[in-house]
Each structure stands twice: as structure tokens, then as C-alpha cells.
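Here's the structure, in C-alpha cells; my notes come after.
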Amino acid sequence: METIAKDLLDIKAVKLSPQAPFTWASGIKSPIYCDNRLTISYPAIRKAIAKGIAALIKEKWPQAEVIAGTATAGIPHAAWIAAELDLPMVYVRSKPKDHGRGKQIEGVLPAGAKTILIDDLISTGGSVLKAVAAARNEGADVIGVAGIFSYQLAAAAENFAKEKLEFVTLTNYGELLDAAIKADYVSADQRSVLEQWRQDPAHWTGA
């Protein structure tokens, strides 16, 4: 949805800087920085996100029985999406607790429950696929992953294919660039640079 892409640009949840790239924790140089946590502070936007992802889930996975959020960014959105769908919700810690029962899943996750994992952002898919593995270890039948935004990186498609799992996002890198051009956030020349990054982020060195 290009309207959601425009919303992310307007609230500066997504920043585009092809001339002065950001450095990700992995060391990759990137002309884009995405912090979808900002969306929780904007009621109209977070409602649109919840309704939009809920509609995608109903269309693609109508058999879903549980909505699971990834800690921490996926938790609030999972809660709002679960409310839209009137489904139970759980969340998945990044690692098991080091005290008590050592739980990694919080909430009630019945064995065999058809579960959708919610994350705010899909880059390579590494973090959310770890949550998928944790949920599966608890006996869940994870049938899909849904998120707000995807960089549309080849690595994500490859990683999800290895797990034989599908994912959907409400908006993506291509739609974001379309919205950025229309709103004069970037020029056509800058879009070319931004497209080059998506094709080969590991070797991109800047504009």
C-alpha cells in the first residue's frame, strides 16, 4: 500500500539518504533507515496498519488461529492485529528467560495452533525466522509471517524459501520509492542509486 509507504515517510519512520548512507549493525552501508517503532505513536497510522495486515491475513491465511508478535517491535502491532481478527495473541522473546521457567513464548500457545508471526520489518528475515523456530519448538504450526515493510532483498526470499514459509508485508521498498518520488523526497537520479543498493546491498558503497 503506497499510502502506508507515504505515512512512513511523513513521520520519518523511514529516512532516505543516498548521499550520506547509514551504517547498519551488520556493517552494511545503506541509503535507507527504517524505524517502524515510531508508528505506535500515531493512532491513525497504527490503526491503518492493523486493519491492513489483518486483511492480508484473512485473505492469505484464513485458517489462522493465533497471532504472535516478535519482541519487541512486533508486539504492539500483533496485539492490534489480533484484536482486529478476534484471535488469541502471544509474543516471542528473542531468547528464553534466564530465570523462572525459562519461557520464550509468553501467552497461551496451544500445540498445533496455526500461527502467524508479526514483525515490523523484514530485511533478510533472520530475526523473525528465529522467532518462527522458537514457536515451532513450542509445538506451534507456523503458517506465515506478516509485517509492515520489506526491503525486498533477495536474501529474505532465499531464507524464507529454505524454511518453506511465506511472508507478506503491507508495503515494500518499491512502493516506498514510488511514494518518495511523488512527494519529492528524492529525485529520479537518486531513485536509481536507491535501486542499485537493493540489488546488491553487501557491495554498495554509496552514491
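Restricting attention to the stretch 71-104 and to residues that are assigned to a strand (DSSP E or B) and open to solvent by 10 Å² or more (accessible area, probe 1.4 Å), the residue that is nearest to TYR173 (Cα to Cα) turns out to be TYR91. Taking the residues in the stretch 173-196 that are outside any helix (DSSP H, G or I), touching a residue at least 40 places away in the same chain (Cβ under 8 Å) and open to solvent by 30 Å² or more (accessible area, probe 1.4 Å) as candidates, determine which candidate is nearest to LEU16 (Cα to Cα). The residue in question is TYR185. Going through (1) surrounded by 18 or more Cβ atoms within 10 Å (Cβ to Cβ); (2) assigned to a loop (DSSP other than H, G, I, E, B) one by one, ALA50 falls short only on (2). Scanning the stretch 23-39 for residues that are part of a loop (DSSP other than H, G, I, E, B) and either open to solvent by 40 Å² or more (accessible area, probe 1.4 Å) or acidic (Asp, Glu) (or both) returns TRP24, ALA25, SER26, GLY27, ILE28, ASP35.
Being within 15 Å of the chain's Cα centre (by Cα) and in a loop (DSSP other than H, G, I, E, B) narrows it down to one residue among LEU109, LEU117, LEU165, LEU121; which is it? Before you say what the answer is, go through the steps one by one.
Numbers: LEU109 fails: within 15 Å of the chain's Cα centre (by Cα); LEU117 fails: in a loop (DSSP other than H, G, I, E, B); LEU121 fails: in a loop (DSSP other than H, G, I, E, B).
Going through LEU109, LEU117, LEU165, LEU121 in turn, just one is within 15 Å of the chain's Cα centre (by Cα) and in a loop (DSSP other than H, G, I, E, B): LEU165.
Exactly one of these conditions fails for VAL92: (1) more than 16 Å from the chain's Cα centre (by Cα); (2) farther than 26 Å from ALA5 by Cβ; (3) at pLDDT 95 or above. Give me its number. It fails just one condition, (1).
The values are calculated or read from the model by the stated rules, or taken from the named source; none is laboratory data. Just so it is clear, the structure is predicted and the values come from calculations on it, not from any experiment. Reconstructed Cβ throughout: ideal geometry from the backbone, glycine too, with neighbour counts over all protein chains shown. Heavy atoms of the whole protein, side chains included, go into the accessibility calculation; ligands, DNA and RNA do not. Shrake-Rupley method; radii C 1.70, N 1.55, O 1.52, S 1.80 Å.
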